[in-house]
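**Q** Below are the structure tokens for one structure; questions will follow.
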Amino acid sequence: MANQLSDEQVAELREVFKTIDEGGDGFIEMDELGTALKVCGVDLPGYAVRDLVKQYDNNKDRKLSLPEFTNLYIAEKGKLDIGSKFKTMVQTKKGIQTHGGTSQASSEGTTHSVKDAEATAFANWINRNLENDPDCKKYLTIDSAKALYTACFDGILLCKLINHSVPDTISEDAINKTKLSVYRRSENITLALNSAASIGCNIVNIDAVDIQEGKPHLILGVLWQIIRIGLLSDIDLAHHPNLVALLREGEEIGDLQRMSPEQILLRWVNYHLERSGCPSRVNNFSEDIRDSECYTYLLKSIAPGDSNVNMRALEIAELRDRAECMLGESDKIGCRSFVGPKDVVEGNSKLNLAFVANLFNNYPALDKVENQEDFEVIEETREEKTYRNWMNSMGVNPYVHHLYTDLQDCLVIFKILDIIQPGVVDWNKVVQKFSKMKVNFQKLENCNYAVKLGLQQKFSLVGIGGQDMFDGNPTLTLAYVWQLMKAYTLTILSKLRNSEENGVANGNDSVKHIIADQEIIEWANKKMNGRATFSGFKDPSLNDGVTILTLIDCIRPSTVNWDVVHKTGLTEETRMMNAKYAVSMARKIGARVYALPEDIVEVKPKMIMTIFACLMSQDPEFKGRGLTKGLEA
């Protein structure tokens with residue numbers, strides 16, 4: 001059906017899709033469907049949008065791919081003249097600005113729709129949350145979209161925002177704060193982008209040049225992912241045990257643990273609506289909140305008794321005035337963030353999600369459940385979080401919230417296998433649309449095929465079967481995922497080595513020789529030329545980070561500031577400081593490191609191997625012709 005649009009129209013539709021794709025993963029939430037169609041000139045009533053959701057949500061995952069959206073758009077627009085009006089509708093929609101883009105993420109000259117409301121919302125959030133940071137004072141107050149893009153110019157603000165969302169991700173000592181030449185600004189942005197990837201942001205095809213040139217759609221995409229991760233990171237049972245109050249009859253604690261933060265927020269809102277006697281319920285953060293009724297009841301339910309929050313907004317008929325009144329009440333409890341009246345009335349799902357998440361983080365107002373100690377809360381381990389962030393940073397879909405549940409159908413695994421070795425997955429053997437009657441059987445089929453492909457990749461899968469993946473067996477699933485991550489890392493590095501040996505003039509970048517652990521160890525020791533040595537990735541001498549920093553300094557001379565490195569009288573605290581600095585410096589020189597400082601201090605051989613492999617990719621003797629993509633920014 002897409003051939004009913006010209007190439008230019010398809011490109012425009014793709015850019016609209018990218019703008020609304022909040023996760024940057026190639027899919028939009030069904031909650032965003034109405035907004036996406038409206039931007040394209042198809043303004044449907046709420047009931048019609050809900051009917052389309054039922055029609056197109058075949059997987060029941062509430063996501064829509066670009067091809068599905070294209071076909072849906074054509075079907076709804078078919079009776080109108082889409083030839084001459086399409087581009088005008090996209091570019092002149094009220095509240096949207098267009099910007100030219102020439103990055104790798106878009107073809108030259110393509111316009112990018114950018115929502116002013118989102119730029120304003122993110123700027124206000126940054127103003128409030130970074131106002132006390134002395135390094136950020138020169139950028140604040142950000143009072144326009146243009147000022148926002150300019151403020152990201154040298155990377156410092158991005159680094160600070162990442163640390164606000166996920167504290168201690170970036171060592172302050174690694175950030176260039178003075179003498180900000182073009183090169184030092186680029187280093188900061190590289191540090192920020194690689195650190196963003198480490199916390200689960202998808203930064204595929206975004207580099208320092210895009211940020212320095214102020215590409216609006218790319219900067220907004222990165223900012224939203226960083227802010228979103230910070231807003232949603234603590235919305236789980238580990239941080240809020242009282243969330244057990246949201247369990248419904250017949251549900252178990254595991255059902256709640258498998259929910260995404262967005263699903264938990266919807267359940268939380270409805271919990272308060274029921275408690276406050278509101279007749280309505282919400283199923284999304286777009287259509288269902290446009291009249292401000294549910295927000296008014298929610299605010300009244302969660303606000304402290306002495307805040308004087310009232311429900312007078314419901315007495316106002318005009319929706320935008322009602323929304324303004326409701327937001328005035330949210331301001332009484334310090335939670336007027338992200339949305340304006342227009343965003344509420346138009347159902348901007350991205351900003352409304354942020355608004356609700358901020359409400360939850362400040363006023364969860366959950367009743368304590370009796371016998372709460374009877375509920376066993378299993379907190380995500382550091383290893384699980386690292387693997388999950390790695391997968392999400394690659395832009396795979398579906399987004400991985402809960403490692404075992406979200407890998408149960410192996411679709412993410414197939415996509416990563418296809419990245420490691422393009423064409424290895426026979427997609428005709430993969431079930432991507434599941435039948436209600438056969439869903440478990442079809443997912444198990446996928447798991448069995450994933451194990452078969454793993455064996456073809458020479459993974460060590462002794463005792464691991466498809467049933468184990470389907471059941472979410474933690475030990476065996478982690479064993480498979482680790483080998484997936486290792487294969488990805490070493491394959492990219494091996495492609496780089498092979499390109500140096502064989503050349504890439506003929507376009508042949510196939511892997512003829514996979515680099516082994518011992519080769520990485522020998523390379524590192526040779527590179528350090530006696531300044532430091534280690535016997536292997538289990539060597540206890542690695543626990544202070546000094547060896548890794550020495551290697552970084554050999555790869556990029558004079559990069560490491562040795563004045564901030566602790567070398568003698570080491571304690572657990574100073575070792576951790578060194579390790580944080582080492583991880584940040586590795587990312588700063590371009591290595592896409594997912595390992596954490598704790599992995600260095602505890603000498604976790606698997607993750608330490610990935611650090612050295614990623615650093616190897618940055619050695620000028622091995623780098624070549626851009627083939628390190630994936631290991632570097």
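The values are calculated or read from the model by the stated rules, or taken from the named source; none is laboratory data. No experiment lies behind these values; they were computed from the predicted model shown. So basically every Cβ, Gly included, is an ideal-geometry build from the backbone, and we count neighbours across all protein chains shown. Ligands, DNA and RNA are stripped out before the accessible areas are found, and what is left, the full protein with its side chains, is counted by its heavy atoms. Shrake-Rupley method; radii C 1.70, N 1.55, O 1.52, S 1.80 Å.
Conditions tested, residue by residue: (1) open to solvent by 10 Å² or more (accessible area, probe 1.4 Å); (2) out of contact with any helix residue (DSSP H, G or I) (no Cβ under 9 Å at 6 or more places or on another chain); (3) of a type outside the set (D, E); (4) not assigned by the TED database to the domain that holds Q225.
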{"site": "D133", "(1), (2), (3), (4)": "yes, no, no, no"}
{"site": "Y139", "(1), (2), (3), (4)": "yes, no, yes, no"}
{"site": "A145", "(1), (2), (3), (4)": "yes, no, yes, no"}
{"site": "Y149", "(1), (2), (3), (4)": "yes, no, yes, no"}
{"site": "H164", "(1), (2), (3), (4)": "yes, no, yes, no"}
{"site": "D173", "(1), (2), (3), (4)": "yes, no, no, no"}
{"site": "K179", "(1), (2), (3), (4)": "yes, yes, yes, no"}
{"site": "V182", "(1), (2), (3), (4)": "yes, no, yes, no"}
{"site": "E187", "(1), (2), (3), (4)": "yes, no, no, no"}
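**Q** I need a count of the residues in segment 557-606 that are open to solvent by 30 Å² or more (accessible area, probe 1.4 Å), part of a loop (DSSP other than H, G, I, E, B) and touching a residue at least 60 places away in the same chain (Cβ under 8 Å).
**A** 2
**Q** Please specify each residue of segment 146-172 satisfying the condition of being at negative phi and of a type in the set (D, E).
**A** The answer is D154, E172.
**Q** Let me ask something else about it. Would you call S65 in contact with a strand residue (DSSP E or B) (Cβ under 6 Å, 6 or more places away or on another chain) and modelled with pLDDT of 65 or more?
**A** Here the answer is yes, as S65 does meet what is asked.
**Q** Continuing with this model, one more query. Which residues, counting only those in segment 575-588, are in contact with an Asp or Glu (Cβ under 8 Å, 6 or more places away or on another chain) and farther than 19 Å from C201 by Cα?
**A** Across segment 575-588, the qualifying residues are R575, M576, N578, A579, K580, Y581.
Condition check ((1) small (G, A, S); (2) under 23 Å from G34 (Cα atoms); (3) out of contact with any helix residue (DSSP H, G or I) (no Cβ under 6 Å at 6 or more places or on another chain)) across all residues:
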{"residue": "D234", "(1), (2), (3)": "no, no, yes"}
{"residue": "L246", "(1), (2), (3)": "no, no, no"}
{"residue": "P261", "(1), (2), (3)": "no, yes, no"}
{"residue": "L266", "(1), (2), (3)": "no, yes, yes"}
{"residue": "E287", "(1), (2), (3)": "no, yes, no"}
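**Q** Determine whether L273 is open to solvent by less than 40 Å² (accessible area, probe 1.4 Å), under 22 Å from K368 (Cβ atoms) and touching a residue at least 40 places away in the same chain (Cβ under 8 Å). Spell out the reasoning first.
**A** On the way: open to solvent by less than 40 Å² (accessible area, probe 1.4 Å): yes; under 22 Å from K368 (Cβ atoms): yes; touching a residue at least 40 places away in the same chain (Cβ under 8 Å): no.
Spelling it out, it is not the case that L273 is open to solvent by less than 40 Å² (accessible area, probe 1.4 Å), under 22 Å from K368 (Cβ atoms) and touching a residue at least 40 places away in the same chain (Cβ under 8 Å).
**Q** Which residues, counting only those in segment 330-348, are open to solvent by 20 Å² or more (accessible area, probe 1.4 Å) and more than 28 Å from the chain's Cα centre (by Cα)?
**A** Within segment 330-348, D331, K332 qualify.
**Q** Please go through segment 398-419 and give me each residue that is open to solvent by 10 Å² or more (accessible area, probe 1.4 Å) and touching a residue at least 24 places away in the same chain (Cβ under 8 Å), ordered by number.
**A** Passing the criteria: P398, Y399, H401, H402, Y404, T405, Q408, D409, L411, I419.
**Q** Being of a type in the set (A, V, I, L, M, F, W, C) and within 22 Å of I206 (Cα to Cα) is the requirement here; does M437 meet it?
**A** no
**Q** Under 7 Å between Cβ atoms, which residue pairs at least 6 apart in sequence (or on different chains) link something in segment 307-320 that is over 16 Å from P341 (Cα atoms) and in a loop (DSSP other than H, G, I, E, B) with a partner that is open to solvent by less than 60 Å² (accessible area, probe 1.4 Å) and of a type in the set (D, E, K, R)?
**A** Here the result reads V309/E329; N310/E329, each pair linking segment 307-320 to a residue that is open to solvent by less than 60 Å² (accessible area, probe 1.4 Å) and of a type in the set (D, E, K, R).
**Q** For E29, only one of the following conditions fails: (1) among the charged types (D, E, K, R); (2) at pLDDT 75 or above; (3) surrounded by fewer than 19 Cβ atoms within 10 Å (Cβ to Cβ). What is its number?
**A** That leaves (3) as the condition not met.
**Q** Ok, one more. Going by the conditions given, is T475 within 23 Å of the chain's Cα centre (by Cα), β-branched (V, I, T), in a helix (DSSP H, G or I) and closer than 30 Å to I611 by Cβ? Step through it out loud before you land on a result.
**A** Values: within 23 Å of the chain's Cα centre (by Cα): no; β-branched (V, I, T): yes; in a helix (DSSP H, G or I): yes; closer than 30 Å to I611 by Cβ: yes.
Judged against the criteria, T475 is not a match.
**Q** How many residues does segment 117-140 hold that are in contact (Cβ under 8 Å) with a residue 12 or more places away in the chain and either in a loop (DSSP other than H, G, I, E, B) or aromatic (F, W, Y) (or both)?
**A** 6
**Q** Could you list all residues from segment 312-329 that are under 18 Å from C278 (Cβ atoms) and open to solvent by 60 Å² or more (accessible area, probe 1.4 Å)?
**A** Once the filter is applied, which keeps residues that are under 18 Å from C278 (Cβ atoms) and open to solvent by 60 Å² or more (accessible area, probe 1.4 Å), segment 312-329 yields R312, E315, L319.
A quick yes/no check of all residues on (1) out of contact with any Lys or Arg (no Cβ under 6 Å at 6 or more places or on another chain); (2) modelled with pLDDT of 95 or more; (3) under 15 Å from L542 (Cβ atoms):
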site: V564; (1), (2), (3): yes, yes, no
site: T568; (1), (2), (3): yes, no, no
site: R575; (1), (2), (3): yes, yes, yes
site: Y581; (1), (2), (3): yes, yes, yes
site: I611; (1), (2), (3): yes, yes, yes
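**Q** A follow-up question, please. Residue under question is S198, and the condition is that it be polar (S, T, N, Q) and open to solvent by less than 20 Å² (accessible area, probe 1.4 Å); does it hold? Walk me through how you get there before you give the answer.
**A** Working: polar (S, T, N, Q): yes; open to solvent by less than 20 Å² (accessible area, probe 1.4 Å): yes.
Criteria met by S198.
**Q** Moving to a separate point now. Which condition from (1) crowded, with 19+ Cβ neighbours inside 10 Å; (2) among the hydrophobic types (A, V, I, L, M, F, W, C); (3) closer than 26 Å to L218 by Cα; (4) at pLDDT 70 or above is the one that I20 breaks?
**A** Of everything listed in (1) crowded, with 19+ Cβ neighbours inside 10 Å; (2) among the hydrophobic types (A, V, I, L, M, F, W, C); (3) closer than 26 Å to L218 by Cα; (4) at pLDDT 70 or above, I20 misses just condition (4).
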